[in-house]
Amino acid sequence: MIADMDSTIISSESLDDLARLAGKGDEVATITARSMRGELDFSQSLKARVAMLAGSPASLIDTIIAEAECNPGATELVATLRRHGVRTVLASGGFTFLTEVIGGRLGFDAHFANTLVVLDGVITGEVTDPVLDQHSKRTILDREIEALSITPNDVATIGDGANDRGMTERAGLGVAYQGKDALKAVTPYWLDHTDLRGMLWLQGYDDSMITRS
């Protein structure tokens, strides 16, 4: 299983939260919303949003990590899949400083994200290339398929926005969780009224099979 992080595994958009702490919340949130709807190129919009954070103290990152909360069902989703021998991967258009923490907390086998550049305790306003976008997520999926000698039909993905389209279209089970229209347009599998345990039910698990820790 490959999962998005922001607004999927966790309840917030970490870049928006970082911008809010830096006093740039409204400007960045507007761009984020348009990007998630597929109205803007993700790579360009990410760089534009990160540039607004230039000069902000890196200590804000610690606040974001402390405030991050997993969505209901996230713990059960990852724990149950791992118990049944499923490899779990966190692939985010957000940042490694948070995927490392969330991935470790929940027990993901691997995590991939963008790297926010920090120099001398200050956010520089840059993100390292290449940006992890929807094409990167699809590439991650393809690499996992090759490494595990499986097929796309053996892969489940879950995400919420346009940046998840690539992996969603490729996977045998691509799920939109509280998804934007741009993502729902490429998959018939939507989770709008359940928590993340719904991802397990879609794969045939029942309540007796769910691991809660």
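For segment 70-103, how many residues are of a type in the set (Lys, Arg) and in a helix (DSSP H, G or I)?
The qualifying residues number 2.
If you take the residues of segment 134-158 that are under 30 Å from residue 56 (Cβ atoms) and surrounded by 21 or more Cβ atoms within 10 Å (Cβ to Cβ), which of them is modelled with the lowest pLDDT?
Here the residue is 134.
Which count do you get for residues in segment 23-46 that are surrounded by fewer than 20 Cβ atoms within 10 Å (Cβ to Cβ), in contact (Cβ under 8 Å) with a residue 40 or more places away in the chain and small (Gly, Ala, Ser)?
Looking only at that region, the number is 1.
Look at residue 99 and say whether it is closer than 25 Å to residue 147 by Cα, in contact with a strand residue (DSSP E or B) (Cβ under 7 Å, 6 or more places away or on another chain), hydroxyl-bearing (Ser, Thr, Tyr) and buried (at least 20 other Cβ atoms within 10 Å of the Cβ).
yes
Can you tell me how many residues within segment 50-75 are over 17 Å from the mean Cα position of the chain (by Cα) and not hydrophobic (A, V, I, L, M, F, W, C)?
Counting residues in segment 50-75 that are over 17 Å from the mean Cα position of the chain (by Cα) and not hydrophobic (A, V, I, L, M, F, W, C) gives 6.
Mind checking which residues of segment 3-19 are in contact (Cβ under 8 Å) with a residue 24 or more places away in the chain, in a helix (DSSP H, G or I) and farther than 24 Å from residue 170 by Cβ?
Hits for segment 3-19 are 14, 15, 17, 18, 19.
When you look at residue 127, is it β-branched (Val, Ile, Thr), touching a Lys or Arg at 6+ places or on another chain (Cβ under 8 Å), closer than 19 Å to residue 5 by Cα and buried (at least 19 other Cβ atoms within 10 Å of the Cβ), yes or no?
Judged against the criteria, residue 127 is a match.
For segment 2-34: of the residues being touching a strand residue (DSSP E or B) at 6+ places or on another chain (Cβ under 9 Å) and hydroxyl-bearing (Ser, Thr, Tyr), which is nearest to residue 126 (Cα to Cα)?
Among those residues, the one meeting the criterion is 14.
When you scan segment 159-199, how many residues do you find that are small (Gly, Ala, Ser), surrounded by fewer than 20 Cβ atoms within 10 Å (Cβ to Cβ) and under 20 Å from residue 70 (Cα atoms)?
1
For segment 31-53, give me the residue count where each residue is basic (Lys, Arg) and out of contact with any Asp or Glu (no Cβ under 9 Å at 6 or more places or on another chain).
1
Filter segment 102-124 down to the residues that are surrounded by fewer than 17 Cβ atoms within 10 Å (Cβ to Cβ) and either within 30 Å of residue 75 (Cβ to Cβ) or touching a residue at least 12 places away in the same chain (Cβ under 8 Å) (or both) and list them by number.
Within segment 102-124, 104, 105, 107, 109, 110, 115, 118, 121, 122 qualify.
Restricting to segment 57-89, and then to whatever is among the small types (Gly, Ala, Ser) and more than 20 Å from residue 11 (Cβ to Cβ), can you tell me which residue is surrounded by the fewest Cβ atoms within 10 Å (Cβ to Cβ)?
Here the residue is 85.
The values are calculated or read from the model by the stated rules, or taken from the named source; none is laboratory data. Source: prediction; values computed, not measured. Cβ: placed from backbone, ideal geometry, glycine included. Neighbour counts: every protein chain shown.
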